[in-house]
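Below is one structure, written out as structure tokens, with a few remarks after it.
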């Protein structure tokens, strides 16, 4: 799974069996997406500069159809969820990615997409995995270091910081999921989309109006 959220240092880390998640592929992205024209593959999630209402309409339209072929889909939430809630939300669908983001008012914090193997446990442990990857990244300055420190601490503490998940299911299953409480949108790719060859950018719960970079002029909290 690729990521199009403006990452200048795209990283993939495999954790061993003694680490939090057995074998987990982690991809870091930050909160400044490239413009849509920079993405030459299938895409899940809104593009930089896109109107949220337009994206939501496109997501609904992506669920139209009568075939029974499984598809990759991005599930976006109305409010941030805890990792422990994810298996219940997915309702049996395979979770292949978890989007973690620690919201702090007027502070740009990293978005981390954790690609997970099958089973509930990797999704439940995705906050810890995201924290570990954040701490492994080089930072530019003292403020960035503080943002990473606070974000990793909250993720390890089990915060409600999950903005969305990537799942695989049929159109009827995805339509049922789109109608579930707490689900803001489900956007499906065409059935022929290939794993590892589509971009993912998050629709964060706080995104309204136009998708733009968040302000970064607020104080970084101590914890």
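The values are calculated or read from the model by the stated rules, or taken from the named source; none is laboratory data. Only a predicted model underlies this, so the values are computations on that prediction, with no experimental measurement involved. Note that we place each Cβ from the backbone using ideal geometry, even for glycine, and neighbour counts take in every protein chain shown.
Taking the stated definitions as given, is residue 218 touching a strand residue (DSSP E or B) at 6+ places or on another chain (Cβ under 6 Å) and either part of a loop (DSSP other than H, G, I, E, B) or surrounded by 22 or more Cβ atoms within 10 Å (Cβ to Cβ) (or both)? When the stated conditions are applied, residue 218 passes them.
Out of region 190-208, which residues are within 21 Å of residue 42 (Cβ to Cβ), within 17 Å of the chain's Cα centre (by Cα) and surrounded by fewer than 18 Cβ atoms within 10 Å (Cβ to Cβ)? Correct list: 195, 196, 197. Answer with yes or no whether residue 71 is at pLDDT 90 or above, surrounded by 19 or more Cβ atoms within 10 Å (Cβ to Cβ) and more than 27 Å from residue 147 (Cα to Cα). Taking the combined requirement at face value, the residue satisfies it.
Conditions tested, residue by residue: (1) over 17 Å from residue 171 (Cα atoms); (2) touching a helix residue (DSSP H, G or I) at 6+ places or on another chain (Cβ under 6 Å); (3) free of Cβ contacts under 8 Å to residues at least 12 places away in the same chain.
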position	(1), (2), (3)
43	yes, no, no
51	yes, no, no
60	no, no, no
69	no, no, no
75	no, no, no
86	yes, yes, no
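If you go through region 41-68 one residue at a time, how many are closer than 17 Å to residue 205 by Cβ, touching a strand residue (DSSP E or B) at 6+ places or on another chain (Cβ under 8 Å) and in a loop (DSSP other than H, G, I, E, B)? Total satisfying the criteria: 2.
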